[in-house]
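Beneath this line is the structure, given in structure tokens, with notes to follow.
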Amino acid sequence: MAKILVVDDNMINRKLLSVLVKKLNHTVIEAENGMEALNIIKNEKIDMLLLDIIMPVMDGIDLLKILKSDSEFSNIPVAILTTDDTKKKEALNLGACAVLIKPFKESDIQAIIEENLK
């Protein structure tokens, strides 16, 4: 069982993703923005992130840059979930393991989680 951090400023999206992750028998932690997520990551062992891009305080791209530039956290798979298709290439170039454009299918989330937690 893995510990997956779901980061999205939209509570409905967070809860939906949490339900999907729990169905796959993983532990879920939720954060509302990148800064809150970073604090969690520094204090807990996280196996994977499901990360929104557009958020207040610290957006997903800034958090991705921080994680991928720090050797302690750079190996954590980060899947980007966003409505902003223009950020897809940037997120992949920064080291995201996948980018899903909202709305997405439950099977897409499941496949990304299973692939990246092997």
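The values are calculated or read from the model by the stated rules, or taken from the named source; none is laboratory data. Keep in mind the model is a prediction, meaning the values are calculated, not measured. Neighbour counts run over all protein chains shown; Cβ positions are idealised from the backbone, glycine included.
Kindly establish whether residue 79 is in a strand (DSSP E or B) and modelled with pLDDT of 95 or more.
So residue 79 passes the test.
Could you run through the range 1-53 and say how many residues are in contact (Cβ under 8 Å) with a residue 40 or more places away in the chain, closer than 14 Å to residue 80 by Cα, in contact with a Ser or Thr (Cβ under 8 Å, 6 or more places away or on another chain) and aliphatic (A, V, I, L, M)?
Total satisfying the criteria: 2.
Sort out which residues of the range 89-118 are farther than 26 Å from residue 70 by Cβ and not in a helix (DSSP H, G or I), and write them in order of number.
Hits for the range 89-118 are 101, 102, 103, 104, 105.
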